[in-house]
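Here's the structure we're looking at; comments come further down.
The values are calculated or read from the model by the stated rules, or taken from the named source; none is laboratory data. Bear in mind the structure is a predicted one, so any value in this text is a computation, not a measurement. Ideal geometry is used to build each Cβ from the backbone, glycine not excepted, and the neighbour counts take in all protein chains shown. Areas reflect the complete protein model, heavy atoms only, side chains present, ligands, DNA and RNA absent. Shrake-Rupley method; radii C 1.70, N 1.55, O 1.52, S 1.80 Å.
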Amino acid sequence: QVHLVESGGGLVQPGGSLRLSCAASGSIFSIVAMGWYRQAPGAQRELVATITESGNTNYADSVKGRFAISRDNAKNTVTLSLQMNGLRPEDTAVYYCNADVGHGSYYTTDWGQGTQVTVSS
């Protein structure tokens, strides 16, 4: 199991920037991919960006060119980041970090508790 803790959310004006971080601990050597998802009030959780173990990235069309996902592997921890620029009111949501963990022939997914991002003037 991987324990995930997000940080960096907050209130920002339209056009501003925020950087989210997600600290992963536990079975970090079994992580095969990580990602950021978000859920706005009354909406389903949606993909924002993902990054594989080899560094391949994927973004939702709505954030391409504005957001950048990255992953830093240290000795006993992994930190996933999301740099968000040019924020818009429609980016307001709770942002969740996740990790796909390999178990040989199958995968499980662990989630963080989420961090609130509010874009408003």
Exercise. Filter region 77-98 down to the residues that are open to solvent by 40 Å² or more (accessible area, probe 1.4 Å) and of a type outside the set (Asp, Glu), then identify the one that is nearest to Gly35 (Cα to Cα).
Key: Thr79
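Inspect all residues belonging to region 23-35 and state whether any of them is in contact (Cβ under 8 Å) with a residue 12 or more places away in the chain, farther than 21 Å from Tyr106 by Cα and open to solvent by less than 20 Å² (accessible area, probe 1.4 Å).
No; the residues of region 23-35 include none that is in contact (Cβ under 8 Å) with a residue 12 or more places away in the chain, farther than 21 Å from Tyr106 by Cα and open to solvent by less than 20 Å² (accessible area, probe 1.4 Å).
What strands (runs of 3 or more DSSP E) lie completely within region 44-121 and have 3 or more residues being under 11 Å from the mean Cα position of the chain (by Cα)?
46-52, 67-73, 78-84, 93-102
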Self-check item: Conditions (1) open to solvent by 40 Å² or more (accessible area, probe 1.4 Å); (2) at positive phi; (3) touching a Lys or Arg at 6+ places or on another chain (Cβ under 9 Å); number of the one not met by Gly42
Solution: (3)
